[in-house]
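Participant: Please see the structure below; I have some questions.
The values are calculated or read from the model by the stated rules, or taken from the named source; none is laboratory data. Just so it is clear, the structure is predicted and the values come from calculations on it, not from any experiment. Neighbour counts are summed over all protein chains in view; Cβ atoms, including those assigned to glycine, are modelled from backbone coordinates with ideal geometry. Keep in mind that these areas ignore ligands, DNA and RNA; they rest on the heavy atoms of the full protein, side chains included. Shrake-Rupley method; radii C 1.70, N 1.55, O 1.52, S 1.80 Å.
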Amino acid sequence: MRKIIENFLEKYRIPADAGFLIAVSGGADSISLLHLFKYMNLRIQALHCNFGLRGKESNMDEQFVKRFCDSYGIPLSVKKFDTLGYARQNSLSIEMAARELRYNWFREMKEKKKMDYIVTGHHADDLAETVLINMCRGTSIKGLTGIKPINGDLLRPLLDCSRTDILQYIQDNQLGYRTDSTNNSLDFVRNKIRHRIIPVCKEINPAFLNVIRENCETLKETEQIYRYAIGQLKTQVMEHQGEEILIHIGKTLATPAPCTLLYELLTPFGFNKTQIRDIFNSRDALSGKQFLSENYTLVKGRTYWRMFCHTTQTVTNIEIPKPGEYTINDKHYRFEIIPRTPDFQIPDDSSIACLDADKLGFPLKIRNWEKGDRFCPLGMKKLQKKISDFFIDQKFSTKQKKDCLLLLSGEHIAWVVGHRPDERFKIISVTQNILKISVSDKTATQKT
């Protein structure tokens, strides 16, 4: 086993003078790990977590680890946790609560003790159990790669050793160890796999653990190829347009595995498998169908699935006291009053509005649109229309609706910013002064 660890450190280029925090529960695997690192003359610090979940048994584990470390002159730090309280407070399972507490403390101690790595005693049986659990629960290719031997500063050098190898090392070196009584309880999924499934697999193939380990190595390389291909396809079908993310429907459907690609594109945004299947099945549906994750809205369009974050809307309610330049939501607004001249022409630019200044009254206001808002779209001869109906007529996306701002004079909407002025404030033959409003991405010289 010592040779296995030496090969591990050499393979992953771990320097011999590095500092190692060894997670020690008192079980055979962690005791063997600690003993091996001690006799390889590496710089080590033992860490023991007392989760207080098994009463006296947890305290006996702690005492055993203390005696073991004292007998070998190994520095030890112990931490007691209120695991049940933490689980209730954070709505976690006991297992997840213990994991969070454990690794948070490990990171804290790594900084405090100025060490380089955290080392755990996971072995080949743990690897096999993890793969089988992932298969039972459903997993992607990543879940079939099992436990990583190295993950940043976390090392697992015993993955090439079986539980049998570890127990033999314990016997050969006359080491004591503790056994967790819950390891025999079939109330836990991992124990069912350990005591019922893996023994049958070993009967079928005595080299089962080696097969699992070799398969995991193969699948790790397969996953790398898979990730590379997904990355290439992502650049072909996904693009950004302002704050929206667009996924081209036709190009996605033309890929070899479109539903799988869509899964990889959308899971980072919080969409689950069922939703992604429904999104994929919406490919031939009418435009406008929406799907929501916790933070994102996806809308099916004619050409694209359009996605945006619905939790980042800026609440806008800005007063414009007088003509000048203002920054509103990272846009530059310029308000200027100019005299009407015979040769004046309204610019053909949706980012510029020209209104009759004498019909407006400062202070003006710019705010988000609200349900029930109405205005008289230019050209409709003072017939009022709901802003929401205007959005439908203009085929606004959900993102465009969310971001739409209105310019108001008093209680009246004078301009749907960037889209349509109000008929009541248009320039007519007797207009003498014009309020010209320009919106751009340039930096403003004055801020509200």
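Participant: Principal axes first, then extents: for the Cα atoms of the stretch 209-280, list largest minus smallest coordinate on each axis, whole Å, largest first.
Facilitator: Taking max minus min along each principal axis of the Cα atoms, the stretch 209-280 gives 49, 25, 23 Å.
Participant: What ranking do 63-73, 259-269 get when scored by the average of other Cβ atoms within 10 Å per residue, highest first?
Facilitator: Most protected by this proxy first, the peptides run 259-269, 63-73.
Participant: For the stretch 89-211, divide the Cα radius of gyration by the Kirkwood radius and give the resulting Rg/Rh value with two decimals.
Facilitator: Using only Cα positions, Rg/Rh for the stretch 89-211 is 0.98.
Participant: Considering only I147, I94, I428, give the residue with the highest GNM mean-square fluctuation for the chain, with springs between Cα atoms whenever their separation is below 10 Å.
Facilitator: Taking springs between Cα atoms under 10 Å, the residue moving most is I428.
Participant: A further question follows. If the chain between S185 and Q241 were fully stretched, how many nm would it gain, using 0.36 nm times the residue separation less the Cα-Cα distance?
Facilitator: 14.7 nm
Participant: Report the Cα centroid-to-centroid distance between the stretch 380-402 and the stretch 110-150 in angstrom, as an integer.
Facilitator: The stretch 380-402 and the stretch 110-150 have Cα centres separated by 54 Å.
Participant: Calculate the tail of P(r) for the chain: the fraction of all Cα-Cα distances greater than 36 Å, expressed in %.
Facilitator: Tail of the P(r) past 36 Å holds 53 percent of the pairs.
Participant: Let me ask another. With unit charges on the beta carbons (Lys and Arg positive, Asp and Glu negative) and the dipole taken about the Cα centre of the chain, which residue among Q89, Y72, F106 sits farthest to the positive side?
Facilitator: It is Q89, whose Cα lies furthest towards the positive end.
Participant: Here is a further query. Accessible area of the stretch 177-216 with a 1.4 Å probe: how many percent of it is carbon plus sulfur?
Facilitator: Answer for the stretch 177-216 is 52 percent, counting heavy atoms of protein chains only.
Participant: By how many nm would the segment from M135 to Q290 lengthen if fully extended, with 0.36 nm per residue of separation less the alpha-carbon distance?
Facilitator: Fully extending the segment from M135 to Q290 adds 52.6 nm.
Participant: Still on this structure, I have one more. Would you work out which of F271, G27, S397 lies farthest towards the positive end of the dipole of the chain, given +1 charges on the beta-carbon of Lys and Arg and -1 on that of Asp and Glu, about the Cα centre?
Facilitator: Result: S397.
Participant: If you don't mind, another one. What whole-number distance in Å separates the alpha-carbon centres of the stretch 157-225 and the stretch 90-107?
Facilitator: 23
Participant: Let a ≥ b ≥ c be the square roots of the eigenvalues of the Cα gyration tensor of the stretch 25-184; is it rounded (a/c under 1.5), or, if not, prolate (a/b larger than b/c) or oblate?
Facilitator: rounded
Participant: Now for a different question. For helix 28-39, report the angle its Cα long axis makes with the longest principal axis of the Cα atoms of the chain; keep it between 0 and 90° and round to the nearest 10°.
Facilitator: Tilt of helix 28-39: around 80 degrees.
Participant: Which one of T120, T398, T274 has the biggest mean-square fluctuation once the chain is modelled by GNM with Cα springs under 10 Å?
Facilitator: T274
Participant: Which one of D348, D373, D153 has the biggest mean-square fluctuation once the chain is modelled by GNM with Cα springs under 10 Å?
Facilitator: Maximum fluctuation in the GNM of the chain, among the listed residues, is at D348.
Participant: Give the Cα extents of the stretch 265-332 along the principal axes, in whole Å, largest first.
Facilitator: 52, 23, 17
Participant: Using Cα positions and a limit of under 18 Å, work out the lysines in reach of K113, with same-chain residues fewer than 8 apart set aside.
Facilitator: K38, K79
Participant: Projected onto the charge dipole of the chain (+1 at Lys/Arg Cβ, -1 at Asp/Glu Cβ, origin at the Cα centre), which of T130, G372, I14 gives the Cα projection farthest towards the positive end?
Facilitator: Going by the Cα projections, it comes out as G372.
Participant: Can you give the angle from 0 to 90° between the axis of helix 208-237 and the longest principal axis of the chain, with both taken from C-alpha atoms, to the nearest 10?
Facilitator: Approximately 10 degrees, to the nearest ten.
Participant: Would the stretch 332-375 count as rounded, prolate or oblate if I go by the C-alpha gyration tensor, calling it rounded below 1.5 in a/c and otherwise prolate when a/b exceeds b/c, oblate otherwise?
Facilitator: Verdict is prolate for the stretch 332-375.
Participant: What does the accessible area per residue of the stretch 1-62 come to in Å², with a 1.4 Å probe and no ligands, DNA or RNA counted?
Facilitator: Solvent-accessible surface per residue comes out at 45 Å².
Participant: Hey, another quick one. When the convex hull of the C-alpha atoms of the stretch 208-348 is computed, what volume per residue in Å³ does it have?
Facilitator: Hull volume over Cα atoms, normalised by residue count, gives 200 Å³.
Participant: What are the ³J(HN,Hα) couplings of the stretch 191-202, residue after residue, when phi is run through the Karplus curve with 6.51, -1.76, 1.60 and θ = phi - 60°? Round to Hz, x for glycine and proline.
Facilitator: Result, ordered by residue: 5, 4, 4, 5, 9, 10, 8, 4, x, 5, 4, 6 Hz.
Participant: Compute, for the chain, the length of the dipole vector about the Cα centre, with Cβ point charges of +1 (Lys, Arg) and -1 (Asp, Glu) only. Units Debye, rounded to 20.
Facilitator: Dipole magnitude for the chain comes out near 640 debye.
Participant: Give me, ordered by chain and number, the residues 5 or more places off V417 or on other chains with an amide H under 5 Å from its own placed amide H.
Facilitator: L405, L406, L407
Participant: Can I ask one more? Once you place label points 7 Å from the Cα toward the Cβ at V211 and Q224, how far apart are they in nm?
Facilitator: Going from the V211 label point to the Q224 one covers 2.6 nm.
Participant: According to a simple spin-label model (label point 7 Å from Cα along Cα-to-Cβ), what is the distance in nm between N281 and S71?
Facilitator: 6.3
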